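Written out below as structure tokens is the structure these notes cover.
The values are calculated or read from the model by the stated rules, or taken from the named source; none is laboratory data. Please read these numbers as outputs of a predicted model, since none were measured by experiment. Neighbour counts are summed over all protein chains in view; Cβ atoms, including those assigned to glycine, are modelled from backbone coordinates with ideal geometry.
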Amino acid sequence: MTVAVEIDGLVKDFRPGLGLRAKRVLHGVTFDVEAGEIFGFVGPNGAGKTTTLKVLMGLIRPTGGRASVLGCDVREHDFRRQVGFLPEAPYFYDYLSGAEFLHFYAKVCGVPAASREARIVELLGWVGLEHAGGARLRTYSKGMLQRIGIAQALVHDPQVVFLDEPMSGIDPIGRKEIRDLILRLKSEGKTVFMNTHILSDVEMLCDRVAVIVKGRIRFEGRPHEFSTGGEAESDVVLASAPAALVESLEHFASDGLRGHGDHIEIRVPSKRVDALLQEALTAGAQVISVHPHRTSLESIFLSAVEEEEA
Ligand SMILES: Nc1ncnc2c1ncn2[C@@H]1O[C@H](COP(=O)(O)OP(=O)(O)OP(=O)(O)O)[C@@H](O)[C@H]1O
Ligand SMILES: [Mg+2]
């Protein structure tokens, strides 16, 4: 597997002012992003996501550690042509139209003049702004600005795309479109690195994630690999359970029974599922479903933040 982004022991101190004590915001951050994957960099506000991205873009210098993109140290600038970047608070020239803005970036990023027009029409279509290319950015909504920012990041067809909160300010339909666009980039073999705190998008989209809390990586892996370290549990749904059975089910349940009409839902330790089903069937109940209970990224995220605060 080729590594697209390599971050090793990154430390960043910010000095609030002359003579004031430096504040450490990255405490030895280490992780890799493989070529061709969609990587989610997840963490609460102020965790250090944007700071890490700025180091990767060569916009700020790390206090310690090193980082490389496509095998190039980020202090050299050779890799820039291969990289697209959507900043957190993109500054737009709001007197330009969307298309003019993309033309400007296409020129800056070295897209040959002959192919610029076609590329910009294509990109406007991809981000759903085909009818807004002629309007000034001043008249764009927040969601439209975010979309034109993403188009800007893709203008020179980069190999690696860094997106700082690509879904920020975008409604659910727009988010679905942006997700589809990101999947399209992956299908073209691009690497996508995105900062986000929208966990549902991460679960739907990302091949791997790293969770950062207060400048330290707390988890790294595939979204479905996370577990709180507790015992695996399953959710069992039964119907038509006789009253006597309901009583004996209580001692199986890890946190009580939930009833919905004729249905009863019970969360049980997975290793007790067999015994429970046997008892339920013998008593004449109907088994509707058995599902392993997945620890969501959200509960992992919350417990990491709580642990850090304790
Ligand atoms: N130029 C700076 N000078 C001083 N402190 C800074 C500077 N930039 C960032 N910080 C601090 O570094 C910490 C990490 O900020 P960063 O912007 O990287 O967080 P983030 O994870 O991107 O958060 P968010 O989800 O809110 O965008 C914060 O405490 C922030 O106040
Ligand atoms: Mg940020």
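Numbers below:
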read-out: Given (1) away from ligand 2 (no atom under 16 Å from the Cβ); (2) farther than 20 Å from Val55 by Cα; (3) touching a Phe, Trp or Tyr at 6+ places or on another chain (Cβ under 8 Å), index of the condition Leu199 fails; value: (1)
read-out: Test: residue in region 155-163 that is within 23 Å of Ser97 (Cα to Cα), modelled with pLDDT of 95 or more and within 15 Å of ligand 1 (Cβ to nearest atom); value: yes
read-out: Selection count, region 32-66, where residues are more than 11 Å from ligand 1 (Cβ to nearest atom) and more than 19 Å from Lys190 (Cβ to Cβ); value: 7
read-out: Residue match in region 247-269 (condition: within 30 Å of Phe79 (Cβ to Cβ), free of Cβ contacts under 8 Å to residues at least 60 places away in the same chain and more than 13 Å from the chain's Cα centre (by Cα)); value: no
read-out: Options Glu122, Glu100, Glu76: the member that is part of a loop (DSSP other than H, G, I, E, B) and away from ligand 2 (no atom under 16 Å from the Cβ); value: Glu76
read-out: Failed item in (1) free of Cβ contacts under 8 Å to residues at least 12 places away in the same chain; (2) more than 30 Å from Ala22 (Cβ to Cβ); (3) not polar (S, T, N, Q), with Ala89 passing the rest; value: (2)
read-out: Number of positions in region 197-223 that are touching a strand residue (DSSP E or B) at 6+ places or on another chain (Cβ under 6 Å) and in a loop (DSSP other than H, G, I, E, B); value: 4
read-out: Lone qualifier among Gly169, Gly230 - being farther than 30 Å from Val287 by Cβ, at pLDDT below 85, over 11 Å from the mean Cα position of the chain (by Cα) and not in a helix (DSSP H, G or I); value: Gly169
read-out: Residues being assigned to a loop (DSSP other than H, G, I, E, B) and either in contact (Cβ under 8 Å) with a residue 60 or more places away in the chain or in contact with a strand residue (DSSP E or B) (Cβ under 7 Å, 6 or more places away or on another chain) (or both) - total across region 17-45; value: 7
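Conditions tested, residue by residue: (1) among the basic types (Lys, Arg); (2) surrounded by 13 or more Cβ atoms within 10 Å (Cβ to Cβ); (3) more than 22 Å from the chain's Cα centre (by Cα).
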site	(1), (2), (3)
Leu56	no, yes, no
Cys72	no, yes, yes
Phe85	no, yes, no
Tyr93	no, no, yes
Leu96	no, yes, yes
Trp126	no, yes, no
Arg138	yes, no, yes
